[in-house]
Amino acid sequence: MINIKGIVGVNCITQSDGKKVFDEIVEAFRAGDHVVLDFEGVNIYASPFFNAALGKLYDLFTVLEVSTMEYLNIRADGRSVIEHVMENAREYYSKDQVARKDQDDIIEKAVSE
């Protein structure tokens with residue numbers, strides 16, 4: 001079981017914190033473990049955290065593997081953010097490399113303007 005509060009504290013907000021959790025999840029999947037994320041004591045959830053922690057998993061693992069993860073002690077608002085992030089990530093990683101690069105370029109251009 002991966003204790004989220006033990007890794008990042010009570011706020012799941014930043015990409016850098018999400019990356020810490022991502023690394024733990026990848027290690028667990030590669031070890032053949034069943035991944036369970038425990039959000040006991042976490043107060044705030046944000047999409048940048050979940051994008052970094054969960055969304056990128058689809059680049060390394062199959063949809064079936066990722067779908068076996070369990071989430072414990074997470075409020076409805078956190079679960080809603082996870083569902084939104086995961087849906088977007090599945091769509092993004094289902095595209096070929098060229099389409100993903102094109103999408104990334106468009107977003108980068110829009111952000112820099």
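Taking the criterion of being within 20 Å of Leu60 (Cβ to Cβ) and surrounded by 14 or more Cβ atoms within 10 Å (Cβ to Cβ), the residues of the range 1-18 that qualify are Ile2, Ile4, Ile7, Gln15, Asp17, Gly18.
Checking each residue in the range 3-19 for being under 13 Å from Pro48 (Cβ atoms) and part of a helix (DSSP H, G or I) picks out Val8, Gln15, Ser16, Asp17, Gly18, Lys19.
Residues of the range 37-88 that are farther than 16 Å from Thr14 by Cβ and of a type in the set (Lys, Arg): Arg75, Arg79. Among the residues of the range 5-18, those that are under 12 Å from the mean Cα position of the chain (by Cα) and free of Cβ contacts under 8 Å to residues at least 40 places away in the same chain comprise Ile13, Thr14, Gln15, Ser16, Asp17, Gly18.
Coordinate-derived values only; no laboratory data. Remember, it's a predicted structure, so these values are computed and weren't measured experimentally. Don't worry about glycine lacking a Cβ; one is built from the backbone with ideal geometry, like all the others, and counts go over all protein chains shown.
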